[in-house]
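Structure, as structure tokens:
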Amino acid sequence: MAADQVHSQLQDLLEKLVTCIRNRDYVSLNKLMAKASLDFSVSTSINCDPKSFLTEMRSLLYLTDDETLDYDLTVEMLDRVISISPFEEVLEVFTVDNLRAALLCQIRPLQISACKVLERSYPKGLFACSDLFDILLKLLFEPMTDVVLVNEIEVVFERLKTDALVRRRVLEDNLLTLENVKECSDPVLLARLYKILGVFFECITRTEFKPELFITSKEDIMRFIDVDILLFINVTSYYCDLLECIKMKPTNPSPLVWALSYIVPALEVYGYIYKNLNQMIDVKHFGRAYIFRLLRAISNLDDLSFFESFDKNYINLSSTNPDISNFLAFINPRYLLEFHKELLADLFSVKPSSLNIARNILTNESCFHFLKDKFTSAAILDMPYLEQMVLLEKMTLYKYSAIFLLHNLPQVMTNLIEADGRNVTERETANLRREAIENLLHLNAEALNVWKIPLEEAYGRIIGRSTRVTGAEIASTFI
């Protein structure tokens, strides 16, 4: 469809929507919005004046007592139009005063519509000098605020976090508000605070970082255990998010690595908690998995000395540790190889009960090569077929282990390819097998060697083709 025709169609839809609103024909409006929302979702711009529509929609959202109007669809339709309209035209309808009134009006659809406008701010710091962010924070930390509105407020901060003016308005101008929330013992409000701090942490600079706000002390963490286990879970998840954020930054070293000097000292208490877990019943039953996630995040930091300290002082990775199987399944395999090579060699074998350990080992090339002799055809084929596929799906994800499979485990390859005779119909097993074959077919012909045609034929049978499917055809499905 030509661009002019598309724009004409969108303009016609807007005019019809405006007519329905003015006639208060909400049944027809709902039907038309359902169609129009789809049309607008595939458009990237609009070539007509949206202000009449936006004005009518703003007025419409003040209606809270009409059961025939689909308010969720109304907000969605408004968001679609705002997203493709020039923002200066949106501002003519949704001024700062309009947005303030909408946020304060206690009408949820209107409050959400104001958030939708703020999410699209251009430039992102456009409203940073107004009190709109102050109002958002007050709503966020009001216990009775609807969870849908809370989610929208969080989206606003997520979309605008890269702007320094927004960060200053929230983290500096509203520091007292944030600190007051931090001092409370309400698990819901603290969870919201930690979510927002985690959002801004991704983009924060060292000068913007306020330890008194971002760091929860050892004493408070211990206090949370006594007050409410949810508080402990919230702060532990928060610290996991911070560490994972530092690790996930694309540059090496991470631009946030400076924050570790503030974060790691506060985490030492988790070593003490783990060591005394049997004396902390609530943590043992409800918080253990979160402690494991945190320890995994610490082990994944580039500097292994942080986790080495935890290991030596509190964890004691050894065959006598009752959680050793768990640790071998999630601790950074680079750490295991460097500090516990003999332990790894002694305890690991390829069997169903060790699948999580095997999958962890496979994520590190050096660790895999150290233990590759344990990945034998006999050991793999001795497992049930589902467990074989769980292992092969992971093994085929990495070139080094996929090449090992192709070149050294012909019986396993044959069992993977000729599984049709097994009548593999169980969905999880069939999906894992398909993914393993797809992963292998992404390798070049030289790597696949004699397995290329059998794999292509097997994949053709999986997808119901009578002819073999080439690697190029598979690759095209991912583009």
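The values are calculated or read from the model by the stated rules, or taken from the named source; none is laboratory data. Just so it is clear, the structure is predicted and the values come from calculations on it, not from any experiment. Backbone-built Cβ (ideal geometry, glycine too); neighbour counts: all protein chains shown.
For the reader, a short list of remarks on this structure follows.
- Take the conditions (1) within 25 Å of Leu260 (Cα to Cα); (2) at pLDDT below 95; Ser185 misses just one of them, which is (1).
- Residues considered: Ile135, Ile153. Of these, the only one that is surrounded by 22 or more Cβ atoms within 10 Å (Cβ to Cβ) and either of a type outside the set (Val, Ile, Thr) or in contact (Cβ under 8 Å) with a residue 12 or more places away in the chain (or both) is Ile153.
- Count - residues of segment 74-97 that are surrounded by fewer than 15 Cβ atoms within 10 Å (Cβ to Cβ) and assigned to a loop (DSSP other than H, G, I, E, B): 2
- You will find that of Gln106, Gln111, the residue that is part of a loop (DSSP other than H, G, I, E, B), in the same structural domain as Leu14 (by TED's automatic domain parsing) and not aromatic (Phe, Trp, Tyr) is Gln106 and no other.
- Of the helices (runs of 4 or more DSSP H) entirely within segment 327-420, those holding at least 2 residues that are not aliphatic (A, V, I, L, M) occupy 333-339, 341-347, 355-362, 365-371, 385-395, 399-408, 410-417.
- Of the residues making up segment 218-266, those that are farther than 21 Å from Ala289 by Cα and outside any helix (DSSP H, G or I) are Lys249, Pro250, Thr251, Asn252, Pro253, Ser254, Pro255, Leu256.
- Subset of segment 142-175 (residues that are under 20 Å from Val75 (Cα atoms) and outside any helix (DSSP H, G or I)): Thr145, Asp146
- Residues of segment 422-450 satisfying the condition of being exposed (fewer than 15 other Cβ atoms within 10 Å of the Cβ) and not in a helix (DSSP H, G or I): Asn423, Thr425, Glu426, Asn444
- Checking each residue in segment 158-194 for being within 16 Å of the chain's Cα centre (by Cα) and crowded, with 19+ Cβ neighbours inside 10 Å picks out only Tyr194.
- Residue within segment 45-55 that is under 25 Å from Phe157 (Cα atoms), acidic (Asp, Glu) and out of contact with any Lys or Arg (no Cβ under 6 Å at 6 or more places or on another chain) present: no
- Within segment 283-312, the residues that satisfy the criterion of being surrounded by fewer than 19 Cβ atoms within 10 Å (Cβ to Cβ), in a helix (DSSP H, G or I) and among the charged types (D, E, K, R) are Lys284, Arg288, Arg293, Glu308, Lys312.
- The set of residues in segment 41-62 being surrounded by fewer than 16 Cβ atoms within 10 Å (Cβ to Cβ) and either under 28 Å from the mean Cα position of the chain (by Cα) or more than 24 Å from Glu89 (Cβ to Cβ) (or both) consists of Ser41, Val42, Thr44.
- From Ile82, Ile107, residue being within 28 Å of Asn30 (Cβ to Cβ) and without any contact (Cβ under 8 Å) to a residue 40 or more places away in the chain: Ile82
- Evaluating Thr320 against the criteria (1) in a loop (DSSP other than H, G, I, E, B); (2) under 25 Å from the mean Cα position of the chain (by Cα) leaves one unmet condition, (2).
- Residue within segment 65-73 that is in the same structural domain as Arg108 (by TED's automatic domain parsing), in contact (Cβ under 8 Å) with a residue 40 or more places away in the chain and assigned to a helix (DSSP H, G or I) present: yes
The rows are residues; the columns are (1) within 31 Å of the chain's Cα centre (by Cα); (2) of a type in the set (S, T, N, Q); (3) more than 19 Å from Arg159 (Cα to Cα).
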residue: Val93; (1), (2), (3): no, no, yes
residue: Leu99; (1), (2), (3): yes, no, no
residue: Gln106; (1), (2), (3): yes, yes, yes
residue: Ile112; (1), (2), (3): yes, no, no
residue: Arg120; (1), (2), (3): yes, no, no
residue: Ala128; (1), (2), (3): yes, no, no
residue: Leu136; (1), (2), (3): yes, no, no
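- In segment 176-190, the residue that is farthest from Ile233 (Cα to Cα) out of those that are outside any loop (DSSP other than H, G, I, E, B) and hydrophobic (A, V, I, L, M, F, W, C) is Leu176.
- Residues of segment 231-247 satisfying the condition of being under 21 Å from Lys284 (Cβ atoms) and among the β-branched types (Val, Ile, Thr): Ile233, Val235, Thr236
- Within the span defined as segment 207-230, one or more residues are within 21 Å of Phe286 (Cβ to Cβ), touching a Leu at 6+ places or on another chain (Cβ under 6 Å) and not small (Gly, Ala, Ser).
- When Tyr238, Tyr270 are checked against the criterion of being aromatic (Phe, Trp, Tyr) and more than 16 Å from Phe200 (Cβ to Cβ), a single residue qualifies: Tyr270.
- Boolean, Asn360 is more than 21 Å from Ala436 (Cβ to Cβ) and either polar (S, T, N, Q) or out of contact with any strand residue (DSSP E or B) (no Cβ under 9 Å at 6 or more places or on another chain) (or both): no
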